[in-house]
Amino acid sequence: MQYKTYYEEKNTVTVGKYQQMRQAMTAGDQQCRTERYTLRKLKFIGGETRASQADYALCVKDGDENQIFLEKKYVQNGVYFRSIQRVTKEECDQILEGQLEWMKSHRCDLLADFYLQVTLNHLSPGYLTEYDRELIQCRKGNAVVFCRKVQRAVGITNRLFDEPEIMIPCLDEGKVLVTYKKSVKLPVIFSRLFTGQEENLGEGVFLSV
C-alpha cells in the first residue's frame with residue numbers, strides 16, 4: 001500500500017491573520033496552487049474493546065458522486081501516513097450499508113485492508129464532519145489548508161450525501177483553522193518497517209481531499 005507521508009501541525013488564527021497569511025503565500029509566487037472546495041468526511045468507529053490503530057473515513061468532495069474516496073490515516077513517531085482510494089457511488093453505498101464481501105481479497109490493498117479492519121475491529125459508520133477548505137499547494141509538496149468553517153452532524157449516521165438535520169459548528173466565530181503539511185520522504189528501510197512497502201509518496205503532491 002502506498003502512503004503520502006508528512007508532518008502536520010494545526011493552529012487557529014483570526015480572520016485578519018488568515019488574510020495576511022494567504023496574501024503572503026500567494027503574492028508573486030507562481031508555483032503556489034490554490035483550490036477551494038467543500039469536503040464531507042464520514043469517519044468509521046470501532047468497538048470499545050478493540051479500537052483500530054488507523055482512522056478510516058469515506059470522503060466526498062463538493063458533493064460530487066464522481067469524487068468519493070476511502071481514506072486511511074494514522075500517525076507513527078510524529079509522521080502522518082495517509083492513503084486514499086477512489087470508489088464509485090455504488091461501492092460507497094455498499095460500504096455504508098455493510099455489504100462488504102466484494103472487498104475481501106480485493107486487488108486494491110486499501111480496500112482489502114479496510115475489509116480486514118472492519119471484520120477485526122467491528123468498524124461501522126460514525127460521525128460526519130464538513131469542512132469548507134482552501135488548499136494552497138506550495139513548492140516541494142508542502143501545503144497549507146485553511147478552514148473557515150468546520151461543522152459536525154449530531155449523532156451517528158451512515159449517510160454521506162443526505163443533509164443532516166442538525167450541524168454544530170466546531171470553530172469559534174471569527175476563527176480560521178490552519179493546517180500546515182510538510183512532505184517527508186522516509187528512507188527505504190523505514191518505509192519497509194512502518195508500511196511494509198519499498199516506497200512511499202513523500203515527494204508527491206497533496207491530494208485535495
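The values are calculated or read from the model by the stated rules, or taken from the named source; none is laboratory data. Keep in mind the model is a prediction, meaning the values are calculated, not measured. Cβ placement follows ideal geometry from the backbone for every residue including glycine, while neighbour counts extend to all protein chains displayed.
Per-structure values
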{"item": "Members of segment 161-175 that are in contact with an Asp or Glu (Cβ under 9 Å, 6 or more places away or on another chain) and either at pLDDT 95 or above or of a type in the set (V, I, T) (or both)", "result": "F161, M167"}
{"item": "Strands (runs of 3 or more DSSP E) enclosed by segment 54-159 - at least 2 residues per element that are of a type in the set (S, T, N, Q)", "result": "79-87, 124-137"}
{"item": "From the options Q31, Q85, Q76, residue that is touching a residue at least 24 places away in the same chain (Cβ under 8 Å) and in contact with a Leu (Cβ under 6 Å, 6 or more places away or on another chain)", "result": "Q85"}
{"item": "Count of segment 80-136 residues which are of a type in the set (S, T, N, Q), out of contact with any helix residue (DSSP H, G or I) (no Cβ under 7 Å at 6 or more places or on another chain) and closer than 30 Å to Y180 by Cβ", "result": "2"}
{"item": "Considering residues of segment 98-118 that are charged (D, E, K, R) and over 18 Å from G46 (Cβ atoms) only, the residue surrounded by the most Cβ atoms within 10 Å (Cβ to Cβ)", "result": "D109"}
